[in-house]
Structure formats: structure tokens, C-alpha cells
1. With labels modelled as points extended 7 Å from the Cα through the Cβ direction, what inter-label distance (nm, one decimal) is found for HIS175 paired with PHE22?
2. Accessible area per residue, 1.4 Å probe, Å², for the stretch 344-477: what's the number?
3. Give the relative contact order (percent, whole number) for the stretch 340-469; include only Cα pairs under 8 Å separated by 6+ residues.
4. Under the rule that an exposed site lies in a DSSP loop and has at most 16 other Cβ atoms within 10 Å, name the longest stretch of the chain with no GluC sites (Glu not before Pro) of that kind, not counting the sites themselves.
5. Please report the spacing between the Cα centers of the stretch 107-179 and the stretch 360-408 in Å, no decimals.
6. Where the Cα atoms of the stretch 76-177 are projected onto their three principal axes, how long is each span, largest first, in whole Å?
7. Only four residue types carry charge here, +1 at the Cβ of Lys and Arg and -1 at the Cβ of Asp and Glu. Report the dipole size of the chain about the Cα centre in Debye, rounded to the nearest 20.
8. As a test question: what accessible area, to the nearest 10 Å², does VAL179 have when a 1.4 Å probe is rolled over all protein chains in place?
Amino acid sequence: MEEPEEKGSSDATTHSRLNLYFSIFVVNLLYMCTGQCYVWTSPTLPYLLSDKSFLPITPAEGSVIASVFVFGGILGALLTRPMADSLGRRCTLGLCLVSILISWALLGFTANIHIIYLARLIQGLSTGINFSVAPLYTAEISDDTVRGPLNSIPLFSRSCGYVFVYSIGPYVSYHQLIVAASVVPLVALVLTPLTAESPHYQVARGRRTKAVKTVQWLRGGLSFPAAEKEVDAIQEYYNQTATQKKSIKDLFATIGNIRALYLSGGLLAFQQLCGVTVILLYTEPIFQMTGTSVSASMSAILFGATLMVSSVIVPPFVKRFGFIKPMIVSSIGCAIFVGLLGLFFFLQSLGVDISSLNWLPVTSTFLYTVSYSIGIGTLPWAVMGEIFPANTKSLAAGILTSFNFLLGFLTAVMFVEVNEWLGVCWSFWMYAIFCLIAAPFTKYLLPDTQGLSLDQIQRLVNQPWNTKWSRKPDLVI
């Protein structure tokens, strides 16, 4: 990162965000990489299970290949606190890129099922760390007016990774897909040293002068006094919690911490219980079960493209309405459309003639995708990135991300079991029920943090239990 001059004539109202957007762009390249890792199984498992596979596997081994990735996410998230606090946010994200490149190399050069398990575990570890650290990094380098929208971009970036794999996976060889997927992490790794370290991390490590220069660089054209003022606010924010210990017990030490924990944990739970992990890991197999005229590979491509395009509207949507309204609309929409998908499978199980409804599973999945992308798909991570205080932020992020991946792992494993016990329809109907519960949870419990600084958010969530959410004048001045 190029260090700026200590003096400048511009003020906070005229500064450029070009350097900030560049840093966010590089972070989102990492999100794209994890998106590629996430859905690699969709086109690859059908090949490995076929007679043409260079490494024939059993369905049980295929299930392990899919689920061990999610298990790796659980473990990776637990590494967040020691890595983010000791190495820094930027270095930690860079190590995720290195790990992803190593995993692709292992997948490309092996013919051993256990090495494939290891590679998928490494990919899961990297994804878990990324999902924990990247929201914190984005929240810490962004100014208050754009923090929410910038932390809602990752779904679009992950969707680009999904579309990339869905689009070329069925039409290239196993090894060609791996080579193609290695390009983005390599580019991102080269660009990472050019990004900014979090000024919050620099302040926490006693590097105030560097923090001021970093703020100037991120807010291109910002005067030195204005940058010092922003660092003073960061310093005050950290001073309030610097003497407190960082243990699991501290997550329950204050009203604000408890609120942050159940709000973030609840939203991240609903994100997984809406069934998205199952749809991502088993996109092509699910479409094969519907028996529709549209090929499974083409349906997967359309699914990813719909997710990518619809997620474009999320940042401006969040900037206009905040987090609450998009989450409510998203939850209700997901409930309706995943419920319709369950209805299709229910009618199919009864032997009813559903030839006239061949359009329903594809249409329901795409509308589910749109609904998911505008809220529940990305906003829980944005809430997590801004609602915890400095002393528990990285610890909470690691625990909650592990919790999120654990639920994803369980839903992926239980999908097959529930299908055998009750039928496919009940899997999707259970997802619909959880989506419905998410709407009142959001409406009545989630505070409106739109436009507030991180310090103001802490004052908001630390209001007494018997106080209704209120953006009092002292919170917004």
C-alpha cells in the first residue's frame, strides 16, 4: 500500500473512495474463490460417480467429499480470533488465498480419495476463515455511510464463483476445471499486498501513525486533521474495551454482547436453515430428481446466474432501506418458493400427473434465489461485522461462523436422511417453516443501524432490556 502525505487540503466531504473500493474489490475476489470451492461438487460429483471417472467413488464417498468442506468451515472459523488478532486482517485473508491454491494443486495432482478429502477440508478451512474475517475487515475499513452496502456485496461475488463453476464445469475435464478455478485466487494473491490493513487492527497494535496514514489512503484526499479525528474515534472505541479480557464469558458480560450474540446467531442460523447449503451442494442432483425437460447442468447455470444478477440490487437496496425490510421480504419470499418446490415433490411422490407443472421446480428455485439474495443470503454477515464491540469481535465472529457452518453441515447430512425417512418434500417444507420464523425475528428484534458508526451501534444495543429500540438523538449526532 502506498503511503499518503501527512497533509492535505481536502476534507471529509470531498474525499475519494477509490482506494477503499480497490481493497473491497480484492476481498470480494476471495469471496469469488470460496464460491468456486463451495459448488465444485455440483458438476464434479456426477463425473466422479460415473463409469468415466479417473477415480471411481461410491455415493458414500461422494457425500463425504461434499460435506467435509462444510466441516472444514467449522474448524476454520475457530482459527479466526488468533489469526486475525495476531497476523492482522489483510494477512489472514492472504493466507486463505494461499490455502485455496494449495487445495486446487492437491485436487489436480492426486488420484487418491483421501487427498481429495484433505483438499476439500482445506477449502472449507479457508472459507470459514474468510467468512469470519472479511466482514470484520470490510466494516473496519469502510466509512459509516457505505459500510452496510459494501458488506452486502459478497453474495454477488460468491455468485460469480458459482456461475463460473456451473457454466464450465459440465463442459470441461476434471483437471481443466481445476486449472481455471486457480486463476482468480492467483490474481487476488498478487493484489492483496496493495490493499490496506485495517486501521482498527493498527490502533489495537499501537500503530497510531500507520493508522492515520491508512485512513488517509482509504479516504483519498482526506486532510491529515480529519484522518486524525477518525483515528481518535477508533482509539476511543478500542479504549473502552482494551482492558477487558477476551474470553467466551465476555460474550455474556454486557447487554450489548448478549444482544449481538443472539441477533447474529439467529440470523446466521436462519440463513442455513433456509436450505441454501443443500441447494448449492446438490444443485444438479436436485434438478435431476425433478425430471423436468431442462437439463440439470443448464438449470444449475441458470440458478447461479439468477443469484448473481439478483444480488446486484442488494447494495443500493440496503443503502436505501437498511437491513430490516430486505430481510423480511427475503425471508417471506424464500418461504413461499421453497415451499412450492416441496409441493412439487409431494405431488410427484403421490404419482400425480405433473407434466403440466414441469415449469414449477425451475421457476420456484429461481424465485427462491432472488429472494435469498436480497436479504438472508448476505445481510446476516453484515450484521455480524458491525454489531460486536472491539474486545469480542473476532472471537464472536469465529464462534458464529463455526455455528453457521455446523448448521450447514447438519442440513447437508440430514437432507439425505430426511429424504429417505419422510420424502424430499418434507425437507423443503421444513426449510420454508424456518424462513417464515425469520421474518418476525427480524422485525421485532433487529435494531436499525443504518448510517450509525460502530461506537453509536454499541450505544444502541446496550440500551436497557426494557427499552424499545430507539435511535435517540445522542446516537446519531
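The values are calculated or read from the model by the stated rules, or taken from the named source; none is laboratory data. Quick caveat, the model's predicted, so the values are computed rather than measured. Because the Cβ atoms are built from the backbone with ideal geometry, glycine has one as well, and the counts that use them run over all protein chains shown. Side chains included, ligands, DNA and RNA excluded: accessible areas come from the protein's heavy atoms. Shrake-Rupley method; radii C 1.70, N 1.55, O 1.52, S 1.80 Å.
1. 3.8 nm
2. 41 Å²
3. It comes to 33 percent, rounded to a whole number.
4. Between the exposed loop sites, the longest stretch runs 7-477.
5. The two parts, judged by their Cα centres, are 15 Å apart.
6. Principal extents (Cα only, largest first): 48, 31, 16 Å.
7. It comes to approximately 780 debye.
8. 100 Å²
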